[in-house]
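Student: Supplied in structure tokens, the structure appears directly below.
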Amino acid sequence: MLPALPAVLALLGPPAAGAATRDVWVAATPTTWNAVPNARDALHGTRFDPAATTFPTVVYRRYTRGWKQPLRLAYEADAGAGRFTGPLIRARVGDKLRIHFKNLDTLNRRAHSMHFHGVEYKPSSDGIWLPLFSGRGGEVKPGQSFTYRLTAGRGSAGFWPYHDHSTSMDESIAGGLYGGLSIADRGEQRTDREFVVTFAAWHGFQTINGRAFVGNTPVFESRVGESVQFNVMAMGDEFHTFHVHGHRWRTDGGTPEDTRGLGPAESFRVRWREDAPGTWLYHCHVETHMEQGMIGLYKVKR
Amino acid sequence: MIRRRVLLTAFALLGWVGGPASASAETSTIRMPGKFFDPPRTTVVATDLVVFRNNDLVTHDVRIGGGVFDSGPIVRFSSWSQRVDQPGGYPFVCTLHPFMTGNLDVLAATVAAEPDSVLAGEPLTLSGRAPAGTTNVGVEQSVSGEAWTMAGPGVAPAPDGSFEAIVAAVEGASYRVTTPAGASRPVAPHVQAGVDVHLVAERKRRHTSVRVRTMPAPKGITATLELYSRWHFRWRSQRRAKLDARGGAAFRLPASRRTFARVALSRGRHGPVIARSGVVSLRTGRAAVDPDTIRPPGDHHDGHDGHG
């Protein structure tokens, strides 16, 4: 005799509280991007010709269901993501993610993919190109699409990069084909503010989210009393150090710090409750990187 | 045979070249619907093809004054054409009906100015046609009847000789273009004097009043209030208003806006800037240094050094 249905469900265990399946629509799309829209480095008094700072490139953009229209969610705009650095994909430990990716690269007409750090997936959703092994998800040709199936597992809480890992990986990452996953732990509160800082070189500039120099890089905003989270990642070939003026946070071991280093494809998130009103600098503390644009403003209102 | 040789010599002297026209030059047709030329006066650009079409029931011919230009008989319902390379004024006549006269004006180039009324500093489009095959057209201006000077870089016309050049309008200036065949007739668009624009900011208890005054007062011009974004280190367009009949406009800002302000005048929302006011601090209401020009202390290099 077959066991009753409730008994089978009991054997499978209860579903995780609040666990969800999240569908995200993303495309690799061409854009013309100016790394220095105010045409100046205000700290050094240098001026730039827009022709020397503007280039066509391919980036990840969020879309509505079925890739009907580009979409930038409000929290992505506040975080400084979703225009150059790809969509800030949010999930919670226990969630399943279906990332519906379409290659709309009409600029270079190259194959692209999405490869995710920090989450669980089968090799078919690894998004890599490997002769004899990889499937369609490792080389999504122009006009084609692929759905990556991911699980935010127990060790997935945190901030993680995703990026192109196809045959065009090197040029595509240099062009800006990357973004971040922000995964909250079970029972963990989201902070009032969440910011994305992506350190990467782009056409000779050292950029944060594709922009160089104060006023062009994201101007992050918060208020005293709010909880804030900085999501930081690095792409490319260089090491960077993330530093925020006037603030400290604690390592997992409880040690206060105000600067943390990271190498290519490394990432972390830091949190604090805001108590320091004013306009502050955040930057990569590799001085040559700072000189070449890797610096921005953080505005804390009373 | 002798007559033909004489004719060829005459054409060479005048610079008229027979045979088929260059494919890209324009064609002008002068008709003979009766015992008259229609139109009686025709203006063409050198290298244009001129067609004389006999629509009459009797034979005509066309001869340039002095007898050097002669089509020979043009029988009814036929035509005869010539290409003209040398600028000049050419009266012509039908020798079979001497009362049939006309005039052909051959120009080195044509030019027209658009729009015909602008403010000094606004873009003025000079368009026209040079002889087909011209590789470069010079753009010249003469202010208040003085000597002609270059008004900008030359332009390379299309294969048919048509060209377009944009210059910043100068008060009292006439414009012409020059080609290897000579200069065009001048055009004199109506250019009004440049506009002075002043900004006054006054802090009230709850708001800041920003008033714009212009001299002279060009009604209908758009005034765009620009505020400096301290966090983005750039000027940003904030509000727009049309100048009233006295050339004024007013804006009201929250008293909390304490940055820098200036105003730009343009024709329409997207037109180029005709004039800009000085910078005023909304905090003090006084004239201020343009914050976009603030440089690090002790930094004396000229700035335009491209990549940092």
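The values are calculated or read from the model by the stated rules, or taken from the named source; none is laboratory data. Quantities reported herein were computed from a predicted structural model and do not represent experimental measurements. Positions of Cβ are generated from backbone atoms using ideal geometry, with glycine treated the same way; all protein chains shown enter the neighbour counts. Accessible surface is based on the protein model in full, side chains and every heavy atom, while ligands, DNA and RNA are left aside. Shrake-Rupley method; radii C 1.70, N 1.55, O 1.52, S 1.80 Å.
Student: Just wondering, is there one or more residues in the stretch B:94-106 that are touching a Leu at 6+ places or on another chain (Cβ under 9 Å) and on the phi < 0 side of the Ramachandran plot? Full working, then the answer.
Tutor: In the first step, residues of the stretch B:94-106 are kept if they are touching a Leu at 6+ places or on another chain (Cβ under 9 Å); the result is none.
No, that holds for no residue.
Student: Among the residues of the stretch B:238-249, are any within 25 Å of residue B:294 (Cβ to Cβ) and surrounded by fewer than 20 Cβ atoms within 10 Å (Cβ to Cβ)?
Tutor: Within the stretch B:238-249, the subset within 25 Å of residue B:294 (Cβ to Cβ) is B:238-239.
Among the residues that remain, those that are also surrounded by fewer than 20 Cβ atoms within 10 Å (Cβ to Cβ) are: B:238-239.
Yes, because at least one residue in the stretch B:238-249 is within 25 Å of residue B:294 (Cβ to Cβ) and surrounded by fewer than 20 Cβ atoms within 10 Å (Cβ to Cβ).
Student: So which of A:182, A:172 is outside any loop (DSSP other than H, G, I, E, B), in contact with a strand residue (DSSP E or B) (Cβ under 8 Å, 6 or more places away or on another chain) and over 28 Å from residue A:225 (Cα atoms)? Talk me through it step by step, then tell me what you get.
Tutor: Numbers: A:182 fails: over 28 Å from residue A:225 (Cα atoms).
Result of the check over A:182, A:172: A:172.
Student: List the strands (runs of 3 or more DSSP E) inside the stretch B:124-235, counting only whole elements, that have at least 2 residues being surrounded by 17 or more Cβ atoms within 10 Å (Cβ to Cβ).
Tutor: Result: B:138-143, B:162-168, B:173-179, B:196-203, B:207-215, B:222-229.
Student: Looking at (1) under 22 Å from residue B:186 (Cα atoms); (2) more than 24 Å from the chain's Cα centre (by Cα), can you tell me which one residue B:88 breaks?
Tutor: (2)
Student: In the stretch B:91-129, what residues are modelled with pLDDT of 90 or more and of a type in the set (Ser, Thr, Tyr)?
Tutor: Matches in the stretch B:91-129: B:95, B:101, B:110, B:125, B:127.
Student: Can you pull out the strands (runs of 3 or more DSSP E) entirely within the stretch A:52-166 that have at least 3 residues that are open to solvent by 50 Å² or more (accessible area, probe 1.4 Å) and more than 14 Å from every other protein chain (Cβ to nearest Cβ)?
Tutor: Values: elements: A:54-63, A:88-92, A:96-103, A:145-151, A:158-163.
The qualifying strands (runs of 3 or more DSSP E) are A:96-103.
Student: Turning to a different aspect of this structure: Can you work out which of the residues in the stretch A:260-298 that are of a type in the set (Phe, Trp, Tyr) and either under 19 Å from the mean Cα position of the chain (by Cα) or farther than 11 Å from residue A:244 by Cβ (or both) is surrounded by the fewest Cβ atoms within 10 Å (Cβ to Cβ)? Please lay out each step first, then the result.
Tutor: Filtering the stretch A:260-298 down to residues of a type in the set (Phe, Trp, Tyr) leaves A:268, A:272, A:280, A:282, A:298.
Those left that are additionally either under 19 Å from the mean Cα position of the chain (by Cα) or farther than 11 Å from residue A:244 by Cβ (or both): A:268, A:282, A:298.
Numbers: A:268: 17, A:282: 23, A:298: 23.
Top of the filtered list is A:268.
Student: OK, next. If I filter the stretch B:86-102 down to residues being open to solvent by 50 Å² or more (accessible area, probe 1.4 Å) and in contact (Cβ under 8 Å) with a residue 40 or more places away in the chain, which single residue comes out as farthest from residue B:36 (Cα to Cα)?
Tutor: B:86
Student: Output the residues belonging to the stretch B:242-269 that are in a strand (DSSP E or B) and touching a Leu at 6+ places or on another chain (Cβ under 8 Å).
Tutor: Answer for the stretch B:242-269, where residues must be in a strand (DSSP E or B) and touching a Leu at 6+ places or on another chain (Cβ under 8 Å): B:249, B:251, B:253, B:260, B:261, B:262, B:263, B:265.
Student: For the stretch B:271-289, check the following and say yes or no: at least one residue is assigned to a strand (DSSP E or B), open to solvent by 90 Å² or more (accessible area, probe 1.4 Å) and either within 14 Å of chain A (Cβ to nearest Cβ) or at pLDDT 90 or above (or both).
Tutor: Here is the first cut: in the stretch B:271-289, the ones assigned to a strand (DSSP E or B) are B:273-276, B:279-281, B:287-288.
Among the residues that remain, those that are also open to solvent by 90 Å² or more (accessible area, probe 1.4 Å) are: B:276, B:287.
After this cut, where a residue has to be either within 14 Å of chain A (Cβ to nearest Cβ) or at pLDDT 90 or above (or both) as well, the list is B:276, B:287.
Yes, there is a match, as at least one residue in the stretch B:271-289 is assigned to a strand (DSSP E or B), open to solvent by 90 Å² or more (accessible area, probe 1.4 Å) and either within 14 Å of chain A (Cβ to nearest Cβ) or at pLDDT 90 or above (or both).
Student: If you don't mind, there's one more thing I want to ask. Please find, among A:182, A:134, A:166, A:145, the residue that is within 28 Å of residue A:276 (Cβ to Cβ) and hydroxyl-bearing (Ser, Thr, Tyr).
Tutor: Numbers: A:134 fails: within 28 Å of residue A:276 (Cβ to Cβ); A:166 fails: within 28 Å of residue A:276 (Cβ to Cβ); A:145 fails: within 28 Å of residue A:276 (Cβ to Cβ).
So the residue among A:182, A:134, A:166, A:145 that is within 28 Å of residue A:276 (Cβ to Cβ) and hydroxyl-bearing (Ser, Thr, Tyr) is A:182.
Student: Do we find that residue A:32 is away from every other protein chain (no Cβ under 14 Å), open to solvent by 20 Å² or more (accessible area, probe 1.4 Å) and touching a strand residue (DSSP E or B) at 6+ places or on another chain (Cβ under 7 Å) in this structure?
Tutor: For residue A:32, the condition - away from every other protein chain (no Cβ under 14 Å), open to solvent by 20 Å² or more (accessible area, probe 1.4 Å) and touching a strand residue (DSSP E or B) at 6+ places or on another chain (Cβ under 7 Å) - is met.
Student: A further question follows. All but one of (1) in contact (Cβ under 8 Å) with a residue 40 or more places away in the chain; (2) closer than 22 Å to residue B:138 by Cα hold for residue B:114; state the number of the condition that does not hold.
Tutor: (1)
Student: Need pairs with beta-carbon distance below 9 Å; first residue more than 7 Å from every other protein chain (Cβ to nearest Cβ) and more than 19 Å from residue A:288 (Cα to Cα) and within the stretch A:37-51, second of a type outside the set (Phe, Trp, Tyr) and in a helix (DSSP H, G or I); sequence gap 6+ or separate chains.
Tutor: A:37/A:50; A:39/A:50
Student: Within the stretch A:200-253, restricting attention to residues that are polar (S, T, N, Q) and under 19 Å from residue A:117 (Cβ atoms), which residue is surrounded by the most Cβ atoms within 10 Å (Cβ to Cβ)?
Tutor: Restricting attention to the stretch A:200-253, the residues satisfying the condition of being polar (S, T, N, Q) are A:206-207, A:209, A:216-217, A:222, A:227, A:229, A:231, A:241, A:251.
Adding the requirement that they be under 19 Å from residue A:117 (Cβ atoms) leaves A:209, A:229, A:231.
Working: A:209: 22, A:229: 20, A:231: 25.
Only one residue tops the list, namely A:231.
Student: Now, a different point. What number of residues in the stretch B:208-236 are within 14 Å of chain A (Cβ to nearest Cβ) and of a type in the set (Ser, Thr, Tyr)?
Tutor: Number satisfying all stated conditions: 2.
Student: Considering only the stretch B:176-218, state which residues are over 24 Å from the mean Cα position of the chain (by Cα) and either on the phi > 0 side of the Ramachandran plot or among the β-branched types (Val, Ile, Thr) (or both).
Tutor: Residues satisfying the conditions are B:197, B:200, B:208, B:210, B:212, B:214.
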